[in-house]
Amino acid sequence: MKIYTLIGGVNGVGKSSLTGSLRTERTDLGIVIDPDELTARCGGDEYEGGKLAVQRIEAALADGVNFTQETTLSGGYPKRLCRRAKEAGYYIRLYYIGLDTAGESLRRIKNRVERGGHDIPARDVTARFAHRFADVAKILPYCDEAKFFDNNNGFSLVAQYRNGQLLPVGTWQPEWLRQMLNAL
């Protein structure tokens, strides 16, 4: 079975950290494509890093191999890619990470920059935060599996998408999940 895995969420939620954890637990992630890592390899040039990420994604899809993409889910490319992967016979799974506020994402990005990591303009983060639920909604119809994690204090599984429904897991629901349940 060919698997396409999306690690999704706005900037600063912990996509790379979750990817690192999944790498220790799973053997089916295939080629892991992290646009931020590729941008760093390109001397910080976001355009070149993004171009390299798309090239790697397209090559994996053409070769029919498992691949994993870290993504904010924003823009039209994620939906088009999901549609193409589904048509190519891929099993698609989403691991989505949420936080309650854009301010928390910005704080984490600031902390990352202070430790030598990459920055993201605040306007981009707040814009992505504002339409994050719509971005998830455009991807879910293609997903065979989706798990939603809160990362306010470590990764906690808070919901799963099954049979066309987003279902809470457990009794505790972070604010962002309640908002998403209402939005979808």
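The values are calculated or read from the model by the stated rules, or taken from the named source; none is laboratory data. All figures in this text were calculated on a predicted structure; none of them were measured in a lab. Every residue, glycine among them, receives a Cβ derived from its backbone with ideal geometry; neighbour counts consider all protein chains shown.
Please go through the stretch 51-89 and pick out each residue that is among the acidic types (Asp, Glu) and surrounded by 14 or more Cβ atoms within 10 Å (Cβ to Cβ).
Once the filter is applied, which keeps residues that are among the acidic types (Asp, Glu) and surrounded by 14 or more Cβ atoms within 10 Å (Cβ to Cβ), the stretch 51-89 yields only GLU70.
Can you pull out every residue in the stretch 14-38 that is in a helix (DSSP H, G or I) and over 17 Å from the mean Cα position of the chain (by Cα)?
THR24, GLU25
Looking at ASP124, ASP119, ASP135 in this structure, which one is more than 16 Å from LEU6 (Cβ to Cβ), in a helix (DSSP H, G or I) and among the acidic types (Asp, Glu)?
So the residue among ASP124, ASP119, ASP135 that is more than 16 Å from LEU6 (Cβ to Cβ), in a helix (DSSP H, G or I) and among the acidic types (Asp, Glu) is ASP124.
Please specify each residue of the stretch 1-21 satisfying the condition of being under 22 Å from ASN111 (Cβ atoms), touching a strand residue (DSSP E or B) at 6+ places or on another chain (Cβ under 9 Å) and surrounded by fewer than 19 Cβ atoms within 10 Å (Cβ to Cβ).
SER16, SER17
Just one of the numbered conditions (1) within 20 Å of TRP176 (Cβ to Cβ); (2) crowded, with 20+ Cβ neighbours inside 10 Å is not true of ASP100; which one?
All conditions pass for ASP100, except number (2).
Filter the stretch 1-29 for residues that are out of contact with any helix residue (DSSP H, G or I) (no Cβ under 7 Å at 6 or more places or on another chain), more than 19 Å from ASP135 (Cα to Cα), touching a residue at least 24 places away in the same chain (Cβ under 8 Å) and not hydroxyl-bearing (Ser, Thr, Tyr) and give the result.
Selection gives MET1, LYS2, ILE3, LEU18, LEU22, ASP28.
Condition (residue is modelled with pLDDT under 95, in a helix (DSSP H, G or I), more than 19 Å from VAL136 (Cβ to Cβ) and out of contact with any Cys (no Cβ under 7 Å at 6 or more places or on another chain)) applied to the stretch 87-100: is it met by at least one residue?
no
Please enumerate the residues belonging to the stretch 38-50 that are at pLDDT 80 or above and either surrounded by fewer than 15 Cβ atoms within 10 Å (Cβ to Cβ) or at positive phi (or both).
Listed by number, the residues that qualify are TYR47, GLU48.
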